[in-house]
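Peer 1: Pasting a structure here, questions to come.
FYI, it's all coordinate maths here, none of it is from the lab. Every value quoted in this text rests on a predicted model; they were computed, and no experiment measured them. Please note: Cβ atoms are built from the backbone with ideal geometry, for glycine as well, and neighbour counts cover all protein chains shown.
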Amino acid sequence: MHPTSGYDMDSTDECGGKREEQPKCHRNSPRFIDRITIDVRRVKEVRNVELINAQRNLSSSPSIDRETTILTWQQGDPDDPHNWSTAKKTWIFITLMLIILNSCIGSSLTSNGIPFIVKEFGVKSQPQRVLPISVYLIGTQVPCDLKRTNSEEGYVFGPIVWAPLSEQFGRRDITIGTFILFVLFTMACALAPSWPTLLIFRLLSGVFASAPIAVVTGILADIYQDSTTRGRSIAVYMIITAFGPLIAPILSGFVSPTLGWRWSFWIALMFAGCTLVPLVVLPETNAAVLLRRRATNLHGSQRSLSKLGGLENRSTKISITTLLMRPLHMLVFEPITSASSAYLALCYSIFYMSFQAFPIIFQDLYGLSPGTCGLTYLPIGAGVVISLPILWWYDRILLSAQKSQRPWAHREEYRRLPIACLGGPIFALSLFWLGWSARESVSFVVPMLAGIPFGFGFICIFIALLNYLTDAYEIYAASANAASSFTRSLLATVLPLATTPMFEKLGIAGACSLMGGITALMCIIPFIFIWKGDRIRANSKFCIMLKKRKEERSAHLANYHYSEETTL
């Protein structure tokens, strides 16, 4: 008899047969191995019923045909990632941020090294000059000015695969495996003997670099149950993603002319190697995977129908198919995901269009050197940093309102979206500021300072909407964010290619005004969510499933406590 039940049972069964004696158990003795709530009942398999309600599982049944196991975390269980120590969570968070920084630095690592790369390999074609950067996204061969291109390549299709796979097979294996491959292909880029091999290695490096971008929000949701802590962690994550692309051009700009372009990859590889040390001991955080493994350890194999923390076990073939299609399904049929993804994609594209627009403004108009022009991105970083105290200030206001039991503070939309409502108009305003102040009669410092509201608004929009996606979809957060990542990376591949032609035809003021106008129209999206968000979530397929899972878990726990009290 497996010692998974901690309470006494009658010595006879329903038919009067003798049952195996159960060990006596005192009130203060452990009731579950490893503190996992495990209850086993034999129930009749009813035709056309796939899943049996947790309460019915635990109730008596007149006949026996199939064994059903229900697993969930016991309150306060130390194996539950939500209950891990602050030190352990902080270590996981820092490790994740190091991985993200590696990925983002890789996105623009070749930007200032391209002239040296094409010279060594004898590349003359302008369309080919852009490929080391563009293939990191999807391998586009549309011509553009390489010196004015900077994009997070390779991120388009990777997240669609990595995020859902992490939900099925666990975050740890996906994160470690893809990062090791990212390191190997970064080294391959440094050793590339020819132009075609460099492009292939850049493509593969970008594909595997996309994994942490897709998985990180899911891991943060795994370990941080408190929405405030989770929101602040995502804020730091977004700051890392903003600073990474700004750091890489500085690195390659100084290293390529002195040590050679290959040393940009070697230095990035050294940093990645240091990151690999804490990564190899990263624990698994996916609760469903942890419970499934525990069930396997306890029972030797997973038999029949199982519920693991409210997550059904399905065939691997069906699960993989469903999981791979989930981000695309959410992108098309979930209004919260589709609208948020569209807004984020626009802001993301404009962010990367700035890497082409700034040289047009500050080099062509003001005559600054490439090195000095690179410094004009620093106000964007300053705006990102300024956003942090504003975000934490709003968190304090929200917590105070929740303690005071103010109705608005308990609405899901008010936890995140007011920050986007603030950042959206500021982001649009910064584009008008940049465009209309950039003229020879005005100092270059004036349009350069537009980067402060630009960075502030950009990060506020991203933090608010990514947090909202995570809070709205919880265990499906990785898929929702994968859909968002797919959309913004795809758009960020296409729109920057139109930057130079747009500025040439419309001029600096006209081009910036066009971007600012479109952004101003899109900034109404968070306002609409605040207005109708609860109704949208009520009609959401995934939000309905989440609500059902929570109800089933509550019913199971309530039934367990009742059976425990009656037994004792």
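Peer 1: Taking 2.2 N^0.38 Å as the expected size of a compact globular protein, what ratio does the Cα radius of gyration of region 189-278 give against it, to two decimals?
Peer 2: Here the Cα radius of gyration is 1.35 times the empirical estimate.
Peer 1: Give me the net charge of Ser400's neighbourhood, meaning all other residues with Cβ under 15 Å from the Cβ of Ser400; Lys, Arg count +1, Asp, Glu -1. Working shown, then result.
Peer 2: Numbers: positive: Arg396, Lys403, Arg406, Arg415; negative: Asp395.
With Lys, Arg at +1 and Asp, Glu at -1, the net is +3.
Peer 1: Another one. Taking the Cβ of Ala188 as the centre, find all other residues whose Cβ is under 12 Å away and add up their charges (Lys, Arg: +1; Asp, Glu: -1). Please list the in-between numbers first.
Peer 2: Values: positive: Arg202, Arg262; negative: none.
Value of the local net charge: +2.
Peer 1: Give the separation of the Cα centroids, region 447-513 to region 373-395, in Å.
Peer 2: Result: 16 Å between the Cα centres.
Peer 1: Here is a further query. Order of Ser404, Ser233, Ser103 from fewest to most other C-beta atoms within 10 Å?
Peer 2: Lowest count first: Ser404, Ser233, Ser103.
Peer 1: Place a +1 charge on the Cβ of each Lys and Arg in region 173-298 and a -1 charge on the Cβ of each Asp and Glu, then give the dipole magnitude about the Cα centre in debye, rounded to the nearest 20.
Peer 2: 60
Peer 1: Based on other C-beta atoms within 10 Å, arrange Arg411, Arg535, Arg549 from fewest to most.
Peer 2: The fewest-first ordering by Cβ neighbours comes to Arg535, Arg411, Arg549.
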